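This report refers to the structure that appears directly beneath it.
Just so you know, all these numbers are worked out from the coordinates, no wet-lab data involved. Fair warning: this is a prediction, and the values are worked out from it, not measured in the lab. Cβ atoms come from the backbone with ideal geometry, glycine included; neighbour counts cover every protein chain shown.
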Amino acid sequence: MLFSLCSSVVCADLLVSWQSKNYIKKAFFEIAYKNEYQLGQTKLRRWQQPIRYRIDYFKLDAPVDIAEMLIQDHFQDLSKITGVVINKDDKNPNFRILLTRKEHYKSAIHLYTNTKIKNLDTQTNCLLHLKHNKQSELISVLVIIPVDHAMSYGLLPACVIEELTQAMGLPNDSDWVIPSIANDKSVLDLLTGLDYLLLKILYDNRLHAGMGAKTSSPLVDKILIDFENQDMIESSVLRVQELNINKYFN
């Protein structure tokens, strides 16, 4: 979508820049180690246990089939990319997706999160709330989506894909990381090649939850060298085009 809006020269320059190892590394530390609602760097957060998800409805009676299908297919894609086991589990979930209406969005945020951040219902189109333990292992996630608002503005795919992806341990948004769903100023709904690589780095076996930026930096260098030798960086664009979620956009 983005590339069709630029000249061939500009597109070629953009493609080369984001596929450089230095750019990918910088983007990884920007998205994985920072948080838009928290100053400074944090520890690396990721899932060390399987994800068990459940879809709930808050003051919304009728099932929203398209939202449930998007969630299911994107979770399948995320599991394939990261290696994290992800299954639906209505009895014992550690990952809840709450679908509601815009008029109840504020109430849902108040009832289901302990956030002290004000005006989230007016400043966000959908919400991600993460919890981790002392080892920075993700243990609980809540995503809230006001589906009527998201669907009326064509934002439902973006809400599902962005929030579920960031819930894997890439919580920050950044205006300079491009092309990426983590860039709120972009018009991208689908995972990009860069997003794919950030997820692959995050769940590489050489990294672990709780790792600081200084410790992980030389390891990320080695990971990216391996990615380059395996042709993973150059082929990342083609890899994301083969994901399940793309069937809704063909």
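Under the simplified labelling scheme, the residue 246-residue 79 pair shows an inter-label distance of 2.1 nm, with each label point 7 Å from Cα along Cα→Cβ. Note on region 25-112: Kirkwood radius taken over Cα pairs, Stokes-Einstein applied at 4 °C and 1.567 mPa s, translational D equal to 84 µm² s⁻¹.
The length gained by stretching the chain between residue 54 and residue 91 to full extension, at 0.36 nm per residue less their Cα-Cα distance, is 12.5 nm.
Based only on Cα atoms, what Rg/Rh ratio does region 100-250 have, Rh being taken as Kirkwood's radius?
Numbers: Rg = 17.0 Å, Rh = 17.1 Å.
Result: Rg/Rh = 0.99.
The antiparallel fraction among DSSP beta bridges confined to the chain stands at about 30%. Evaluated with a Cβ-only charge set (Lys, Arg +1; Asp, Glu -1), region 51-166 carries a dipole of roughly 520 debye about its Cα centre, given to the nearest 20. Over the chain, calculate the relative contact order: mean separation of alpha carbon pairs under 8 Å at least 6 apart, over the residue count, as a percent. It rounds to 26 percent for the chain. Rounded to whole Å, the principal axis extents of the Cα atoms in region 51-166 read 36, 32, 25, largest first.
With 0.36 nm allotted per residue and the present C-alpha distance subtracted, the residue 140-residue 20 stretch has 39.8 nm of extension available. In a fully extended conformation the segment linking residue 103 and residue 118 would gain 3.7 nm over its present Cα-Cα distance, using 0.36 nm per residue. Shown is the FRET efficiency for residue 72 and residue 226, computed with R0 = 41 Å from the Cβ-Cβ distance and rounded to the nearest 0.05: 0.85.
Let me spell out the model: positive unit charges on the Cβ of Lys and Arg, negative unit charges on the Cβ of Asp and Glu, origin at the Cα centre of the chain. What dipole size does that give, in debye rounded to 20?
With Lys and Arg at +1 and Asp and Glu at -1, about 980 debye.
Packing, taken as the mean count of other beta carbons within 10 Å per residue, orders the peptides 182-195, 109-122, 45-58 from highest to lowest as 182-195, 45-58, 109-122.
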